[in-house]
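Contents: one structure, followed by commentary.
Just so it is clear, none of the values below were taken in a lab; they were calculated from the coordinates. As the structure is a computational prediction, the values presented were derived from the model and not from experiment. Quick reminder, even Gly has a Cβ in these numbers, built from the backbone with ideal geometry, and neighbours come from all protein chains shown.
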Amino acid sequence: MSEVNELYQELILEHNKSPRNFKQLDNATHDADGYNPLCGDHYHVWLKVEGDRIVDIGFQGNGCAISKSSASMMTSAVKGATVAQAKELFEKFHSLITTNIDEEIPEEKIEELGSLGALVGVREFPARIKCASLAWHTLNAALNNPGKTVSTEN
């Protein structure tokens, strides 16, 4: 395993062990529920949006290390961002992890994502892409259709 991959793996394990923003928001303005029926991963995402800025975010639920780490990293990345920035980050992240494994991804595209780049390796395991993207689809639903339940199989 390369040194970079080892660092990425450590980052994923750290976010799984000590997830950031793992909490329910009682004063949320937006929320959604996300479910992966193939593996049973299930998360709820809450947002507090003031104006056009995400001032707080939380998530709770259960899932594998990849899904929990991705949710934790996502909340850290979008907290304090504008809604437009969060939607743009969703598009960039989703595009990267769903890019065909045979396609080379320019290093600068991975670097644009910061620590989220650690999750690009899930492309090698197609079943794990849904694990990494579950919280992101839930975030997207919370921003676009608050209160909605999304599934990785829709």
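As a rough guide to protection, the peptides 93-104, 72-83 ranked by mean Cβ packing within 10 Å, highest first, stand as 72-83, 93-104. Descending by average beta-carbon neighbour count within 10 Å, the peptides 22-33, 60-71 line up as 60-71, 22-33, the highest first. Summing Cβ point charges (Lys, Arg +1; Asp, Glu -1) relative to the Cα centre of region 3-144 gives a dipole of roughly 560 debye. Between (i) 103; (ii) 170; (iii) 131, which matches volume of the Cα convex hull per residue in Å³ calculated for the structure shown? The value matching this structure is (i). Rounded to the nearest 0.05, the FRET efficiency derived from the C-beta distance between residue 50 and residue 14 at R0 = 30 Å is 0.50.
Listed by chain and number, the aspartates and glutamates whose C-alpha is less than 16 Å from the C-alpha of residue 130, apart from same-chain residues fewer than 8 away, are 33, 41, 91, 153. Report, in degrees rounded to the nearest 10, the 0 to 90 angle that the Cα long axis of helix 65-78 makes with the longest principal axis of the chain. The helix 65-78 is inclined about 60 degrees to the chain.
Per-residue ellipticity at 222 nm from helix content only, as computed over the chain with -39500 (n - 2.57) for each DSSP H run of at least four residues, stands at -14500 deg cm²/dmol.
So for region 56-154, taking the charge dipole from beta-carbon charges (+1 Lys/Arg, -1 Asp/Glu), which of 94, 76, 118 sits furthest toward the positive end? Farthest towards the positive end: 76.
Counting 0.36 nm for each residue step from residue 110 to residue 85 and taking away their Cα separation leaves a gain of 7.3 nm. When each of 143, 119 is scored by the number of other beta-carbon atoms lying within 10 Å, the sequence from fewest to most is 143, 119.
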